[in-house]
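Enquirer: First the structure, then my questions, so here it is.
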Amino acid sequence: MAENDVPPVAVTHGVVHYGDRAVLHGVDLRVETGQAVALLGANGSGKSTLIKSSLGLVRLTGGEAALFGTPVPRFRAWHRVGYVPQRLGAGSGVPATVREVVSAGRLSRRVLGLPARKRDRLIVERALEAVGLADRAKDPVTSLSGGQQQRTLIARALAAEPELLVLDEPTAGVDAASQEALAAVLSDRVADGATVLLVAHELGPLEPLIDRAVVLSHGRIVHDGPVPEPAGVHAEPGHVHVHPHAKEEERLWT
């Protein structure tokens, strides 16, 4: 199989259990090179569990996952993947500036033990500019708003120059300006040939860049194709944005 024919993400018959409770039921997901794919669905449908299992952050209890054609347990080329977690806090309780957090994205590209090169510093500055945080580079991450912290995490992922960007609900609780900035950044990355896989509760400004929507319900894929109209039809009106599996995932995998 040619390199271009190998999908960046492939989950085959994926099954995940938390204790004795099944969260994913034999899910198949294949994301092709250059695609922008959104995973949609109501809270608790299995969206975040699916992307985490595709990266090996949650263990599959059945089926298999592969990145760029390599089974996840054997995958080592993590510089090819940029992952933006779900609002975990860019500072993680450790005092750090915005630039320091974003610079961490270059670690997978640098030779162990050697200082950052001029190119590394340039890429970090470009990532900061891309998310509109160049003027906050010296500020502590803890001084930023939630939306700005999320943009910091996105800049960290961009700094790694990944071929695949995976984002877990990057717009949840984020202000409109940050959503617009994210949409512009991702559009540029897709135009440059990157692959994007993201979880969303609502697409909002991201909708124009999405090639394909995969809708989950109760751990099963119920739609795979164009973005449904309206794009938020998968979410139940008025229901609270919570993640019932979050605490269980933390207990099992951290």
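A short reminder: the numbers here are calculations on the coordinates, not readings from a lab. Predicted model only: the values in this text are computed from it and were never measured. We place every Cβ from the backbone using ideal geometry, glycine too, and count neighbours over all the protein chains shown.
Enquirer: Short version: ³J(HN,Hα) in whole Hz for each residue of region 51-62, in order, from phi by Karplus 6.51 cos²θ - 1.76 cosθ + 1.60 (θ = phi - 60°), x for Gly and Pro, what are they?
Expert: 6, 5, 5, 5, 9, x, 7, 10, 7, 6, 9, x
Enquirer: Roughly speaking, what is the stretch gain from residue 187 to residue 207, that is 0.36 nm per residue apart minus the C-alpha to C-alpha distance, in nm to one decimal? Walk me through the numbers before you get to the answer.
Expert: Working: separation 20, 0.36 × 20 = 7.20 nm, distance 1.06 nm.
Fully extending the segment from residue 187 to residue 207 adds 6.1 nm.
Enquirer: So, one more: Amide H of residue 9 versus every other amide H placed in the peptide plane: which residues, excluding those fewer than 5 positions away on the same chain, fall under 5 Å?
Expert: Hits under the 5 Å cutoff: 31, 68.
Enquirer: Related question: Quick check: residue separation of residue 17 and residue 122 times 0.36 nm, minus the Cα distance between them. What number comes out in nm?
Expert: Details: separation 105, 0.36 × 105 = 37.80 nm, distance 4.33 nm.
33.5 nm is the gain from fully extending residue 17 to residue 122.
Enquirer: What does the charge count around residue 194 come to, taking other residues whose C-beta lies under 11 Å from its C-beta (Lys +1, Arg +1, Asp -1, Glu -1)? Provide the component values of the computation, followed by the final result.
Expert: On the way: positive: 80, 189; negative: 161, 163, 188, 192.
Computed value for this residue: -2.
Enquirer: A follow-up question, please. Enumerate the calculated ³J(HN,Hα) couplings along region 8-17 in order (Karplus 6.51 cos²θ - 1.76 cosθ + 1.60, θ = phi - 60°), each rounded to whole Hz, writing x wherever the residue is Gly or Pro.
Expert: For region 8-17, the Karplus curve yields x, 10, 8, 10, 10, 6, x, 10, 9, 10 Hz.
Enquirer: Tabulate in residue order the Karplus-calculated ³J(HN,Hα) for region 66-71, using 6.51 cos²θ - 1.76 cosθ + 1.60 with θ = phi - 60°, rounded to whole Hz; enter x for Gly and Pro.
Expert: In residue order, the calculated couplings are 9, 10, 6, x, 10, x Hz.
Enquirer: Tell me, how many Å apart are the Cα centres for region 1-80 and for region 155-201?
Expert: So the separation of the two Cα centres works out to 18 Å.
Enquirer: Once both labels are modelled 7 Å past Cα along the beta-carbon direction, what's the residue 74-residue 6 spacing in nm?
Expert: Rounded to a tenth, the inter-label distance reads 1.0 nm.
Enquirer: If you don't mind, another one. Using Cα-Cα distances under 8 Å and only pairs 6 or more residues apart, what relative contact order does region 125-220 have, in percent? Present the calculation step by step, with values, prior to reporting the outcome.
Expert: Details: 84 pairs, mean separation 27.0, N = 96.
Relative contact order for region 125-220 comes out at 28 percent.
Enquirer: Scan around residue 167 for amide H atoms under 5 Å from its own, H built in the peptide plane at 1.01 Å from N, and keep only partners 5 or more places away or cross-chain.
Expert: Amide H neighbours of residue 167, under 5 Å, 5+ apart: 84, 197, 198, 199.
Enquirer: Something else now. Collect residues whose amide H, placed 1.01 Å from N in the peptide plane, falls under 5 Å from the amide H of residue 96; neighbours closer than 5 in sequence don't count.
Expert: So residue 96 has HN proximity to 141, 142.
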